[in-house]
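Worksheet: one structure, shown below.
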Amino acid sequence: TFGRKQALHGLCLAVKPGEMVALIGASGSGKSTLLRHVAGLARCDKSVTGNIQVLGRPMQDCGRLSDEVRHLRADIGYIFQQFNLLPFLSVRENVELPCHFSKLRASRAVQRHGSVAKATNALLAHLGLHQPELLQRRAGDLSIGQQQRVEVMRCLLQNPSLLIMDEPTSVLTPQETNQLFAVLRRFADKGMAVLFISH
């Protein structure tokens, strides 16, 4: 609950490895709230009953940043509605930034492609962002659609077990949307679970 308003009630949801699950609903129906709780970015009211388990571990006490919760969050990719790119960094620097703060994320990129740089090149190429001059461009100089795709690639670089997306195609063209879901399908086929919301 938030204040006096109950945002989620009577909800039962399970997403298995390799599944791509979409939640469709009107604005204000609690979709983003659900995603934040699953990702451990929101704290449940103490009076709330029920449980949230992510990757086999409880997330109810997500407000306490224990080592276990930190490790769990490193295994979750989260794509926000508002792109959290650093506008003064280049595309490449934005995509690779999480790997500088998490050994798990860096090792997964290396495991998949041989190096973080090669992983970045491969992922950006899948979404039409592989031009050398584009990789060096500041994120703040990109179009909105390009920024959204950079945000997606930053999350996929870590090869998360769970990818959560809040309106991931809101500013993409139909062709860009098809490219995105083709890439997501490849990751899901290798066991990644995908949970996203849309109107």
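The values are calculated or read from the model by the stated rules, or taken from the named source; none is laboratory data. Just so you know, these numbers come straight off a predicted model, no measurement behind them. Reconstructed Cβ throughout: ideal geometry from the backbone, glycine too, with neighbour counts over all protein chains shown. Remember, those area values only see protein heavy atoms, side chains included, never the ligands or the DNA or RNA. Shrake-Rupley method; radii C 1.70, N 1.55, O 1.52, S 1.80 Å.
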Practice task
On the protein heavy atoms, probe 1.4 angstrom, tell me the percent of accessible surface of the range 81-169 carried by carbon and sulfur.
Solution key: 53
Fill in the blank from the handout: Relative contact order as a percentage, the range 74-159, C-alpha pairs under 8 Å and 6+ apart, gives 48
Problem - Label-point separation, Leu135 to Asp189 (7 Å along Cα→Cβ), nm - result: 2.5
Practice task
Give, in nm to one decimal, the length gained when the segment between Ala182 and Leu55 is fully stretched (0.36 nm per residue of separation minus the Cα-Cα distance).
Solution key: 43.3 nm
Problem - Descending semi-axes in whole angstrom, ellipsoid equivalent of the range 120-199, from the Cα gyration tensor - result: 20, 15, 11
